[in-house]
1. If you filter chain A for GluC sites (Glu not before Pro), then keep DSSP loop positions with at most 15 other Cβ within 10 Å, what is left?
2. Copy-to-copy spacing for B:E63, label 7 Å out on the Cα-to-C-beta vector, in nm, shortest first?
3. In terms of modelled amide H atoms, which long-range or inter-chain residues lie less than 5 Å from the amide H of A:T42?
4. Where a ≥ b ≥ c are the square roots of the eigenvalues of the C-alpha gyration tensor, would you call segment B:4-58 rounded, which needs a/c under 1.5, or, failing that, prolate if a/b is larger than b/c, or oblate?
5. What nm distance separates the two modelled labels at B:T27 and A:A18, each placed 7 Å from Cα along Cα→Cβ?
6. If exposed means no more than 15 neighbouring beta carbons inside 10 Å and the site is in a DSSP loop, what's the longest run of chain B without any exposed trypsin sites (Lys or Arg not before Pro)?
7. Can you compute the charge dipole magnitude of segment B:4-69 about its Cα centre, using +1 on each Lys and Arg Cβ and -1 on each Asp and Glu Cβ, nothing else charged? Give it in debye, rounded to the nearest 20.
8. Based solely on its DSSP helices, what 222 nm [θ] is calculated for the protein assembly as shown when runs of n ≥ 4 H residues each add -39,500 (n - 2.57) and the sum is averaged over all residues, nearest 500 deg cm²/dmol?
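Read-outs throughout are calculated quantities, based only on the coordinates presented, and are distinct from any laboratory measurement. Quick caveat: nothing in here was measured; it's all calculated off a predicted structure. Note: ideal-geometry Cβ built from the backbone for every residue, glycine included; neighbour counts use all protein chains shown.
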Protein chains: 2
Amino acid sequence: MKNKKLKMARLENDMNQAQLAERVDVTRQTISLIESGRYNPTLNLCISICRVLGKTLDDLFWEEDNEES
Amino acid sequence: MKNKKLKMARLENDMNQAQLAERVDVTRQTISLIESGRYNPTLNLCISICRVLGKTLDDLFWEEDNEES
DNA sequence: ACAATTTGCAATATTTATCTTACATTTAGC
DNA sequence: GCTAAATGTAAGATAAATATTGCAAATTGT
């Protein structure tokens, strides 16, 4: 389950993975793996990402249990 | 920085730490340390907690940068 | 098509979240 | 005040998040 919202928010902010990674002080691979849904990131990292991208946790990391399927 | 919101949501649901821990499949200590702000939990754990307590990530784990001080 | 940039991905190493066990402290009922 | 339940906390072990390096694949602009 890829994290499309994160990728879109990043692109809205005109950043590539490397730039976002530097801003939140992780490696590019970490960002890549979060976007591809293969990492289970730390809350603090999620918050840092949200702050940089001007979003909230719900915006980027929350999914309603009743997402229209 | 304690997580008061989490503790309050837990009490609203009439649960003690042990019960919440069992529901989200971690140990009581993990819940205790998250509430006391000493743990940096995993996103998936945060989401599990939210689901059990009927809250969202923003409800329990987000703080506006401009919280009135 | 070519070159440059961006992204995906794999193996190994390091750090950190979480577990296990156990005990101390606080809180609530009686 | 006593007792039981709830919570705080600590040390060592384990699992998982993240780093590091390097290269391959995909994307973009020319």
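1. Working: sites: A:E12, A:E22, A:E35, A:E63, A:E64, A:E67, A:E68; in loops: A:E63, A:E64, A:E67, A:E68.
Loop-located and lightly packed - A:E63, A:E64, A:E67, A:E68.
2. B:E63 label point versus its equivalents elsewhere: 2.9 nm.
3. B:L43
4. Cα axes put segment B:4-58 in the rounded bin.
5. 4.2 nm
6. B:3-37
7. That gives a dipole near 420 debye.
8. Numbers: 10 runs with 82 residues, N = 138.
The helix contribution divided over the protein assembly as shown gives -16000 deg cm²/dmol.
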